[in-house]
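Asks: What follows is a structure written as structure tokens; I'll ask about it next.
The values are calculated or read from the model by the stated rules, or taken from the named source; none is laboratory data. None of these values were measured; they are calculated from a predicted model. Cβ placement follows ideal geometry from the backbone for every residue including glycine, while neighbour counts extend to all protein chains displayed.
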Amino acid sequence: MADFLTPEERSVRMALITGKNTTPELMVRRALHKAGFRFRLHIKDLPGKPDIVLPKYKTVIFVNGCFWHGHFC
């Protein structure tokens, strides 16, 4: 697939992509909080820098977007 954008235009678009606090991530965080879970966010010391960490349960949650994984939502 040929890129139809110039390198400058591509750079601007890629800079707009956020890696934290995305809409799906916020939805998961709200649901967890409402259910009474307490968590930490984006722990850099853990492999892969998980989106949500539940230390009490030694569990991590990665919230992956449909765009990056080719899902059709």
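Asks: Considering only the range 3-18, I want to know if a residue exists there that is of a type in the set (D, E) and at pLDDT below 85.
Replies: So in the range 3-18, the residues of a type in the set (D, E) come out as 3, 8-9.
If we keep only those that are at pLDDT below 85 as well, we get 3.
Yes, the range 3-18 contains at least one residue that is of a type in the set (D, E) and at pLDDT below 85.
Asks: How do the pairs read when you match residues in the range 3-29 that are loosely packed, with under 10 Cβ neighbours inside 10 Å with residues anywhere that are in a helix (DSSP H, G or I), using Cβ under 8 Å and keeping only pairs 6 or more apart or on different chains?
Replies: Pairs that qualify, where the first residue is loosely packed, with under 10 Cβ neighbours inside 10 Å and the partner is in a helix (DSSP H, G or I), are D3/R10.
Asks: Would you tally the residues in the range 33-52 being out of contact with any helix residue (DSSP H, G or I) (no Cβ under 7 Å at 6 or more places or on another chain) and surrounded by 11 or more Cβ atoms within 10 Å (Cβ to Cβ)?
Replies: Of the residues in the range 33-52, 8 are out of contact with any helix residue (DSSP H, G or I) (no Cβ under 7 Å at 6 or more places or on another chain) and surrounded by 11 or more Cβ atoms within 10 Å (Cβ to Cβ).
Asks: Please specify each residue of the range 1-22 satisfying the condition of being of a type in the set (S, T, N, Q) and closer than 21 Å to T59 by Cα.
Replies: As a first pass, look at the range 1-22 and keep what is of a type in the set (S, T, N, Q): 6, 11, 18, 21-22.
Passing the criteria: N21, T22.
Asks: For the range 30-51, which positions are charged (D, E, K, R) and part of a loop (DSSP other than H, G, I, E, B)?
Replies: Step one: list which residues in the range 30-51 are charged (D, E, K, R), which gives 30, 34, 38, 40, 44-45, 49, 51.
Of everything in the range 30-51, those that are charged (D, E, K, R) and part of a loop (DSSP other than H, G, I, E, B) turn out to be R38, K44, D45, K49, D51.
Asks: Here is a follow-up. Within the range 33-61, track down each residue that is out of contact with any Phe, Trp or Tyr (no Cβ under 7 Å at 6 or more places or on another chain), aliphatic (A, V, I, L, M) and more than 22 Å from T18 (Cα to Cα).
Replies: If the condition is that a residue be out of contact with any Phe, Trp or Tyr (no Cβ under 7 Å at 6 or more places or on another chain), aliphatic (A, V, I, L, M) and more than 22 Å from T18 (Cα to Cα), then A35 is the only one that fits.
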